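Read through the structure below, which is laid out as structure tokens, and then see the notes.
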Amino acid sequence: MDNWKKISFLVGVFAFIREFRPIEPFYAAYMTSPYINCTVEQVPTELYAVGSYSMFVLIIIIFLVTDYVRYKPVLIIDGIGGVLHYMAITNRPSKFRIQVGQAFYGFFFSAEVALFGYLYAMVEEKEFYQKITGHARAATLTGKFFSSCLSQILATTFGTPPFNALVYMSIFGMSSTTIWAIFLPPVKNSLYFPNKKKIEETSMGQSTVTIYNPQKYKDSQLSIEAAPNQEKIDNPENNSVVEPEESVISSLYKDFKQSYSDPYVRKLCFWWAVAMGGYLQVYAYINVLYSYVLEENEDTKFTLYNGAAESLNTLIGAFSAFAISKVNWNWYSVGDIFFAVGSIIAASVLLCCVYCRNLWYIYAFYIIYGMMYQTMLTIAESEVAKRLNKKCYGLIFGFNTFIAVCINTIIIYGVIQGHFIKINIAQQFLIYTVLYALLALFFFGSSILKMFKDEGIVEYN
């Protein structure tokens with residue numbers, strides 16, 4: 001079996017079992033149930049907020065140390081963090097225990113950045129990045145589908161979600177994730193932290209400079225080439241003995257600057273960070289919206305189909321992510337329109353969630369949103385990865401996730417906890433609508449500028 005297929009399979013299995021968390025579709029319902037008896041208002045402001053602040057602090061640490069420990073240990077600890085998160089909410093937990101569990105959830109989410117970093121670090125051939133990204137994304141969503149289906153079947157069978165059983169099943173899933181991660185093949189070399197103090201030029205001795213060359217994109221999907229003056233580097237400074245701290249900081253800064261010097265990478269990373277910030281909010285608070293709508297409608301007889309909605313969301317998202325990985329388009333040429341249209345569709349369905357009070361329609365809107373987000377994210381990740389040096393994956397992916405978490409944290413602090421403005425859960429979705437609408441406008445504008453540039457009307461860098 002080819003190496004890229006083997007690694008894609010192993011990471012796919014990890015991603016699948018990592019998403020086996022059957023309590024997730026009914027987490028908000030569990031928090032507001034008689035077992036715990038939190039109010040709909042307390043769930044986002046006092047419980048979810050702790051997880052968001054934990055993400056904000058830990059994501060900085062995670063993306064800085066991911067390469068130092070060579071990815072795999074982070075994946076192992078990721079599973080352990082998930083186990084501790086769900087253990088904290090077993091057997092009628094107190095609010096303090098739940099908040100402790102949310103702190104571990106923050107770590108669990110933050111460590112996800114190592115998953116795709118590990119995937120790209122283990123596969124040398126960049127021409128397969130779109131495929132392996134689609135496979136990993138599809139595996140993640142298929143795991144969510146299986147997990148959500150199981151939780152919905154149990155909820156329908158028992159007439160109400162068996163919350164405690166779902167929590168213990170989630171613990172089993174996280175334990176299995178940890179065990180699988182232990183047997184993943186290790187990344188052999190740390191790229192920023194060599195074992196010796198002598199810093200030698202290895203992969204950076206070839207091309208680490210991404211040349212922005214739009215002309216090449218008319219005939220090819222890739223535009224990565226060696227800089228003329230860097231085809232071969234034999235600089236005495238590269239072989240000099242320096243302090244590890246100085247070399248690491250210098251190397252991080254250089255790679256960060258070079259990676260974001262490509263306008264195409266900057267543009268996709270901008271979409272990635274903002275869209276993920278919105279997704280974190282939607283994914284966390286859609287279940288709270290379900291409870292809010294039922295409470296507002298004073299409907300105590302409606303059977304929740306949160307698990308069914310989540311399973312369809314992930315199944316269709318998995319299919320679209322897998323399908324888009326097979327599409328052989330020149331994304332440099334068509335990407336702006338693709339992201340603009342996808343973002344406006346996402347904004348439209350989120351706007352419908354603001355005013356709709358029919359839970360069936362809200363389920364449908366959420367499914368459409370998930371499909372569009374996962375499809376666009378698959379392309380954004382693979383296209384960025386193609387244009388990065390191997391050693392930059394953890395750094396750039398981590399930084400994008402950090403910006404997303406910053407956006408998420410600002411919304412939590414300013415809107416959900418009411419420090420800037422105070423609105424209800426349905427009105428929160430108007431904020432998410434604005435985020436995606438702005439992304440759509442940005443990419444529509446970018447496509448127009450590109451069209452003018454191709455016609456020789458304007459020039460831009």
Is it the case that some residue within region 114-124 is touching a residue at least 60 places away in the same chain (Cβ under 8 Å) and farther than 23 Å from Phe183 by Cβ?
no
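Just checking, which of Ala323, Ala347, Ala364, Ala284 is open to solvent by less than 20 Å² (accessible area, probe 1.4 Å) and part of a helix (DSSP H, G or I)?
On the way: Ala323 fails: open to solvent by less than 20 Å² (accessible area, probe 1.4 Å); Ala364 fails: open to solvent by less than 20 Å² (accessible area, probe 1.4 Å); Ala284 fails: open to solvent by less than 20 Å² (accessible area, probe 1.4 Å).
One residue alone meets the criteria, Ala347.
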Considering residues that are within 30 Å of Cys392 (Cα to Cα) and assigned to a loop (DSSP other than H, G, I, E, B), the number found within region 63-105 is 6
Within region 392-414, which residues are open to solvent by less than 20 Å² (accessible area, probe 1.4 Å), among the hydrophobic types (A, V, I, L, M, F, W, C) and over 17 Å from Phe109 (Cα atoms)?
Cys392, Ile411
Within the set of pairs 6 or more residues apart or between chains, which connect a residue that is within 30 Å of Thr45 (Cβ to Cβ) and polar (S, T, N, Q) inside region 260-287 to a residue that is assigned to a helix (DSSP H, G or I) and open to solvent by less than 10 Å² (accessible area, probe 1.4 Å) with Cβ atoms less than 7 Å apart?
Gln281/Asn408; Gln281/Tyr432; Asn287/Pro25; Asn287/Tyr27; Asn287/Ala28; Asn287/Asn306
Say whether the condition of being closer than 23 Å to Ser52 by Cβ, open to solvent by 30 Å² or more (accessible area, probe 1.4 Å) and not acidic (Asp, Glu) is met by at least one residue in region 106-116.
yes
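Looking only at region 236-270, filter to residues that are assigned to a loop (DSSP other than H, G, I, E, B) and modelled with pLDDT of 85 or more; which one of those is surrounded by the most Cβ atoms within 10 Å (Cβ to Cβ)? Even if it seems obvious, please write down each step before you answer.
Taking region 236-270 as the starting set, the residues that turn out to be assigned to a loop (DSSP other than H, G, I, E, B) are 240, 242-243, 260-262.
Now narrow it down to the ones that are modelled with pLDDT of 85 or more: 260-262.
Values: Tyr260: 15, Ser261: 13, Asp262: 21.
Out of the qualifying residues, it is Asp262.
Yes or no, residue by residue, for (1) over 21 Å from the mean Cα position of the chain (by Cα); (2) charged (D, E, K, R); (3) open to solvent by 30 Å² or more (accessible area, probe 1.4 Å):
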residue	(1), (2), (3)
Ser8	no, no, no
Arg18	no, yes, no
Pro22	no, no, no
Met31	yes, no, no
Val43	yes, no, no
Tyr48	no, no, no
Ser54	no, no, no
Ile59	no, no, no
Leu64	no, no, yes
Would you pick out the residues in region 286-324 that are modelled with pLDDT under 80 and of a type in the set (Asp, Glu)?
Glu298, Asp299
Can you say whether Ile337 is more than 17 Å from the chain's Cα centre (by Cα) and in contact (Cβ under 8 Å) with a residue 12 or more places away in the chain, as far as the supplied structure shows?
yes
Checking Ile182 against (1) of a type in the set (Val, Ile, Thr); (2) surrounded by 14 or more Cβ atoms within 10 Å (Cβ to Cβ); (3) at pLDDT 90 or above: exactly one of these is not met. Which one?
(2)
Index of the failed condition, Leu141 passing every other in (1) within 25 Å of Ser311 (Cα to Cα); (2) open to solvent by 10 Å² or more (accessible area, probe 1.4 Å)
(2)
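The values are calculated or read from the model by the stated rules, or taken from the named source; none is laboratory data. Here the structure is a predicted model, which means the values were calculated and not measured. We place every Cβ from the backbone using ideal geometry, glycine too, and count neighbours over all the protein chains shown. Surface accessibility is based on the protein's heavy atoms, side chains included, excluding ligands, DNA and RNA. Shrake-Rupley method; radii C 1.70, N 1.55, O 1.52, S 1.80 Å.
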